[in-house]
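Quick notes on the structure that follows.
The values are calculated or read from the model by the stated rules, or taken from the named source; none is laboratory data. The shown structure was predicted, so the numbers you read here are calculated from the model rather than taken from an experiment. Using ideal geometry, Cβ is built from the backbone for each residue, glycine included, and neighbour counts are taken over all protein chains shown. Quick note on the areas: whole protein, heavy atoms, side chains included, nothing else; ligands and nucleic acids left out. Shrake-Rupley method; radii C 1.70, N 1.55, O 1.52, S 1.80 Å.
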Amino acid sequence: MLTKVSTTKAPAAIGPYSQGIIANGMLFASGQIPIVPETGEITEGDITEQAKQVMLNVGEILKEAGTTYENVVKTTCFLADMADFAAFNSVYEAYFTGKPARSCVAVKQLPKNVLCEVEVIAVL
């Protein structure tokens, strides 16, 4: 059985998908971009500021599902520019202290022209 995860403390889905799905004791969270949930606006600033908002959004979905950053087993990170890799990592490592498995790639363009997006898989 699949359970949808939805919270107003993270940005609403901007397409035909859920913020997250729980299946077999695992959370599969959709990619989060740096949208401020209260305003619907993109976080202004550089990769550091945008990455912080992404991590906060991810954290709210984890919390709604009943889990934490420490239970994340896999992340997939998308960067608009690989030159931002080191700055992104400095934010990322403050949240994902358990060092989950990870993929990090640069892509041509992200939704709303943001600088980063992160999706996670976590155990409950």
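What to note about this one:
- Selection of first residues in the range 101-124 that are part of a loop (DSSP other than H, G, I, E, B) and of second residues that are charged (D, E, K, R), restricted to Cβ pairs under 8 Å at least 6 apart or on distinct chains, gives the following pairs, ordered by first then second residue: LEU110/GLU117; LEU115/ASP46; LEU115/ASP81; LEU115/ASP84.
- Filter result (β-branched (Val, Ile, Thr) and either open to solvent by 30 Å² or more (accessible area, probe 1.4 Å) or more than 22 Å from THR68 (Cβ to Cβ) (or both)) within the range 26-57: VAL36, THR39, ILE42, THR43, ILE47, THR48
- Taking the listed residues ALA23, ALA10, ALA86, the one that is surrounded by 13 or more Cβ atoms within 10 Å (Cβ to Cβ) and either over 14 Å from the mean Cα position of the chain (by Cα) or without any contact (Cβ under 8 Å) to a residue 60 or more places away in the chain (or both) is ALA10, with no other qualifying.
- Entirely in the range 1-74, the strands (runs of 3 or more DSSP E) that have 2 or more residues that are of a type in the set (S, T, N, Q): 26-32
- The combined condition, being in a helix (DSSP H, G or I), open to solvent by 20 Å² or more (accessible area, probe 1.4 Å) and of a type outside the set (Val, Ile, Thr), is fulfilled by ALA94.
- Any hit, the range 78-88, residues being modelled with pLDDT of 95 or more and assigned to a loop (DSSP other than H, G, I, E, B): yes
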